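Before any comments, here is the structure.
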Amino acid sequence: MLQALTINLRQSYAFVARNFNLVKRYWGWELVWLAYSVASSLSVVFIGAGMGAITNSSDIDTNYLVIYLLIGALVWRYLAGLFDNISEMIQWERWEGTIEYTLMAPVHRFIQMLGQTLFAIAYMSLFTGVIAAAMALFFELDFSKANLAGAVAVLLAGSLSFVSFGIVASVLPLLYPERGTQMTHIVQAFLLLVSGVYYPVEVLPGWLQFFARISPATYVLEGMRAAMLEGASLADLSHIIWPLLLAGAVMLPIGVWMFRLGETYAKKAGKLKRNG
């Protein structure tokens, strides 16, 4: 039992190490993406800083609005990065020309997903941390009421659910080699629209609010803002954390099962081709 567990952990770590090596190989692209992420996040947060000047009103709580948008920008950057790292893993395999070797290797698919997930969480934590540090250079923020432990708990609980979404979306590049990656971007854009990243979901039309309630990002953002803006305790956040954990525990095996179905079909249909 212990030997089998050790082998599985080593196999999962192999995927973590390989992905970090890919980051080092394409460090130029990663630097470009980091610069873009910092600039786009700052652009959003500066909207909050400039709201008083836009409306010519001194009654706006600028600090609250800036933190509200900052949380949305950072949390979305983290969750979107998780989604990208998982949903685009098939496309990365095609770019590297290793898709046949990876999917034909005698490694349980859950072990591969575990390694991919651990890498995505570790890398996006570092990536988002750099963006947060850049934000701190531009804004003087008051986090005196923040409950950082509660915020971290919500974020980790939500990560599991978002990883599950990414695994389901990763089936699309398997089924549609030429346009599957673009289809995952559509899924991500829709989640951005309905999850209340930069505005309360209550401002959405009623039919979109339905989709907001089934997006895990909605609850992650709600919990993060409650912890950071209002100092909500872990007990106060339990109604968000436990459903996120439960949803992730249910969706993760379903996502892996759906991926296996897509993988089986792709192998039979000859869709495991490399780029070019």
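The values are calculated or read from the model by the stated rules, or taken from the named source; none is laboratory data. Note that the structure is predicted; figures quoted are calculated from it, not measured. Cβ: placed from backbone, ideal geometry, glycine included. Neighbour counts: every protein chain shown.
Just one of (1) touching a residue at least 60 places away in the same chain (Cβ under 8 Å); (2) over 15 Å from the mean Cα position of the chain (by Cα) fails for Leu191. It is (2). I need the full set of residues from segment 169-194 which are under 23 Å from Gly270 (Cβ atoms) and among the hydrophobic types (A, V, I, L, M, F, W, C), in order please. Correct list: Ala169, Val171, Leu172, Leu174, Leu175, Met183. Considering every residue within segment 152-162, establish whether at least one is surrounded by fewer than 16 Cβ atoms within 10 Å (Cβ to Cβ), small (Gly, Ala, Ser) and more than 13 Å from Glu88 (Cα to Cα). No, every residue in segment 152-162 fails to be surrounded by fewer than 16 Cβ atoms within 10 Å (Cβ to Cβ), small (Gly, Ala, Ser) and more than 13 Å from Glu88 (Cα to Cα). Residue pairs whose Cβ atoms lie under 7 Å apart, separated by 6 or more positions or on different chains, with the first residue in segment 91-117 and over 14 Å from Arg18 (Cβ atoms) and the second not in a helix (DSSP H, G or I), are Arg94/Arg274; Arg94/Asn275; Glu100/Leu272; Leu103/Leu272. On the stretch given as segment 202-224, residues that are under 20 Å from Ala247 (Cβ atoms), part of a loop (DSSP other than H, G, I, E, B) and of a type in the set (A, V, I, L, M, F, W, C) total 1. Sub-8 Å Cβ pairs linking a first residue in segment 15-39 that is within 19 Å of Ala134 (Cα to Cα) to a second residue that is of a type in the set (D, E, K, R) and at pLDDT 85 or above, at least 6 apart or interchain, are Ser37/Arg77, ordered by first then second residue.
Do we have Gly231 as in contact (Cβ under 8 Å) with a residue 12 or more places away in the chain and either under 15 Å from the mean Cα position of the chain (by Cα) or surrounded by fewer than 18 Cβ atoms within 10 Å (Cβ to Cβ) (or both) here? Criteria met by Gly231. Specify the residue that is nearest to the chain's Cα centre (by Cα); the eligible residues are those in segment 133-151 that are surrounded by 13 or more Cβ atoms within 10 Å (Cβ to Cβ) and at pLDDT 85 or above. Restricting to residues being surrounded by 13 or more Cβ atoms within 10 Å (Cβ to Cβ) and at pLDDT 85 or above, the top hit is Ala151.
When segment 117-132 is examined, which residues are found to be among the β-branched types (Val, Ile, Thr) and either surrounded by 15 or more Cβ atoms within 10 Å (Cβ to Cβ) or not in a helix (DSSP H, G or I) (or both)?
Thr117, Ile121, Thr128, Ile131
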